[in-house]
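To start, the structure itself, in structure tokens.
The values are calculated or read from the model by the stated rules, or taken from the named source; none is laboratory data. Quick caveat, the model's predicted, so the values are computed rather than measured. Cβ atoms come from the backbone with ideal geometry, glycine included; neighbour counts cover every protein chain shown. SASA here: full protein model, heavy atoms, side chains in, ligands and nucleic acids out. Shrake-Rupley method; radii C 1.70, N 1.55, O 1.52, S 1.80 Å.
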There are 2 protein chains.
Amino acid sequence: MGLLIVGTLGLDNVATPFDKVDNALGGSATYISLAASYFTGPVYLMGVVGDDFPQKYIDLLENHNVDLEGLQIIDEGKTFRWSGKYHYDLNVRDTLFTELNVFENFDPIVPDNYKKAKFVCLGNIDPVLQIKVLDQMDNTNFVVCDTMNYWIEGKKDVLVKLLPRVNVLIINDSEARLLAKEPNLIKASKIIRDMGPEILIIKKGEHGALLFTEDTIFSAPAYPMEMIYDPTGAGDSFAGGFTGYLHKTHDLSSENMKRAVIYGSAMASFCVEKFSTQGLEELKYYRIQDRYREFLNLTKVDEK
Amino acid sequence: MGLLIVGTLGLDNVATPFDKVDNALGGSATYISLAASYFTGPVYLMGVVGDDFPQKYIDLLENHNVDLEGLQIIDEGKTFRWSGKYHYDLNVRDTLFTELNVFENFDPIVPDNYKKAKFVCLGNIDPVLQIKVLDQMDNTNFVVCDTMNYWIEGKKDVLVKLLPRVNVLIINDSEARLLAKEPNLIKASKIIRDMGPEILIIKKGEHGALLFTEDTIFSAPAYPMEMIYDPTGAGDSFAGGFTGYLHKTHDLSSENMKRAVIYGSAMASFCVEKFSTQGLEELKYYRIQDRYREFLNLTKVDEK
């Protein structure tokens, strides 16, 4: 049974202090799918692009065993576009423009073949669409969901209806504070878990990630990177690695969630080492495992 | 042989969103000494106060086996005073006033009895004074040093002369970026270690701490606290717990440094649970060890 992923596919213009690219492959569904594809299959991708979407990107996804039956290609439509510029310290970025294009009228119709998927990863899109996807599923029992400040501020009423149907919510620290209206992340985690998701992951960029389950708080370190080439897609790569590993292992225990958080962190670290999706294009599973070990070693203390 | 600690002793007026206190015991040497006193002894304290310094604070330090031969009490002098106000999220504080008072003319004369100390912890004071202390020591072989943005900005030339004589530098993330003139903390750590200290610890508040040695990067988690009552002294408590544990164990291996970072983090977590030094006044060693275990559990992954 496949892992269903829904989100955006886009063409990105990205500038960092080190380089710039135009028309690079981007979008939440893209990063999630590529990251997940190293752990499991088939990956069912749902999204929409215009007929300007380059064939080479279609090929790239298919070469990673991403099933594209759920990808709508709109004739004479233009693909979603995003342009961003990162500042010197890479923690701050300006969005130069966002063009929704074909995404504006995206109506996610789940193909029959996808409806029996047990695992769904809802990439960062309008929570109205995220709910629409879940409504069409037959008996999904594990939903991972990403969102962002834009929806927390603009569509909180819808988001609050979605959250009880979500098993794992993945957001960053500023989004957690915003959603809970509480600056303390530990208090915020309880407030958010009371909104529905039994598991919450708070991503903290260069400070790692926190996993909150009913009985556990787990602190995952960040990978010590001297050079972050392009932070775009790090959060989506995390979600893809996390969900992909859980789908592969089919073990939803707290202990396995911790491992999944480390695998997600590993995929995010590969993502930011190169521009656009390049860091996720040519990986080998042994390299992912090596990095997983490196993550574990960062916090290991010989207890004597 | 004792552990020599030099720094400020002060009377603090502190306001947080939860409460306020006036004339509370404060100062870097105070927090470092109290925290270290749970691990080792004797603790030699060097500093200066006026004769307005309450006897009850002298008694408190003596009850923790802090040797006060090095404490200068200036007749008709006024003790160093600091007043600060913390904002809603406790990460930002305004200094309302600083009165150096007797500290302005502090001339640290190391008592003969202290000169053979092998371990020195230089609390956050003018690097001119930190050097003056080291100059008087007979054969100190392990120096832990704290500093702050004020000295990095105002006395960098002196600090740069001090750093080659320092074994462990403990600073926070913004200070590390400032000292290295580099936003990336991993790159910054190399630049700073090239300035002299073979070991660097970067404190990141609610995000834990990083330890950099020649062969190791260690990421220590933060203790998940729902209620930070008063952040004052957290960094000093870290330094005291870290140095005290190393002095107790006399093991300067990378592996033991990791444990010391966790013990330092534990002392900082106790410190911020109460106002002023109250969190460090009545601890039991078994509680410190329990918290040490809790820290280790935060990052533990069963590898299967």
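Here are a few things to note about the model shown:
- In the frame of its principal axes, region A:103-142 has Cα extents of 27, 18, 13 Å, reported largest first.
- Sorted from nearest, the other copies put their A:MET1 label points 6.6 nm away, the label point being 7 Å from Cα in the direction of Cβ.
- Between region A:255-269 and region A:179-213, the Cα center-to-center distance that results, in Å: 16
- Accessible area per residue for region A:75-173, computed on protein heavy atoms with a 1.4 Å probe, is 48 Å².
- Distance between region A:1-56 and region B:102-146 - C-alpha centres, whole angstrom: 58
- Helix-only CD estimate at 222 nm, as mean residue ellipticity for chain B, using -39500 (n - 2.57) per DSSP H run (n ≥ 4): -11000 deg cm²/dmol
- When each of A:LYS116/A:LYS258; A:LYS20/A:LYS56; B:LYS274/B:LYS300; A:LYS78/A:LYS116; A:LYS132/A:LYS284; B:LYS161/B:LYS258 is checked by Cα-Cα distance, pairs over 24 Å: A:LYS116/A:LYS258; B:LYS274/B:LYS300; A:LYS78/A:LYS116; A:LYS132/A:LYS284; B:LYS161/B:LYS258
- Computed over Cα pairs, the Kirkwood radius of chain B leads via Stokes-Einstein (0.890 mPa s, 25 °C) to a diffusion coefficient of 128 µm² per second.
- Cα gyration tensor shape for region A:52-198, rounded if a/c is under 1.5, else prolate or oblate: oblate
- For A:LYS85, a cut-off of 20 angstrom between C-alpha atoms picks up these aspartates and glutamates, skipping any fewer than 8 places away in its own chain: A:ASP12, A:ASP19, A:ASP22, A:ASP94, A:GLU99, A:GLU206, A:GLU226, A:ASP230, A:ASP236, A:GLU273, B:GLU182.
- Values of log10 I(q)/I(0), in the order q = 0.09, 0.12 Å⁻¹, for the protein assembly as shown under a Debye, Cα-only, solvent-free model: -0.74, -1.13
- 10 Å Cβ neighbours from other chains, averaged over peptide A:250-259: 2
- Radius of gyration and Dmax over the Cα atoms of region A:224-304, both given in Å: 13.1, 44
- Label sites at B:GLU273 and A:ILE73, each approximated as a point 7 angstrom past Cα along Cα to Cβ, lie 6.2 nm apart.
- Relative contact order for region B:196-304, counting Cα pairs under 8 Å that sit 6 or more residues apart, in percent: 24
- Legend: P(r) of region B:257-298 from all alpha carbon pair distances, 5 Å bins from 0, whole percents, reading 6, 24, 32, 23, 11, 3.
- Segments B:94-104, A:182-192, A:43-53 sorted - mean Cβ within 10 Å per residue, highest first: A:43-53, A:182-192, B:94-104
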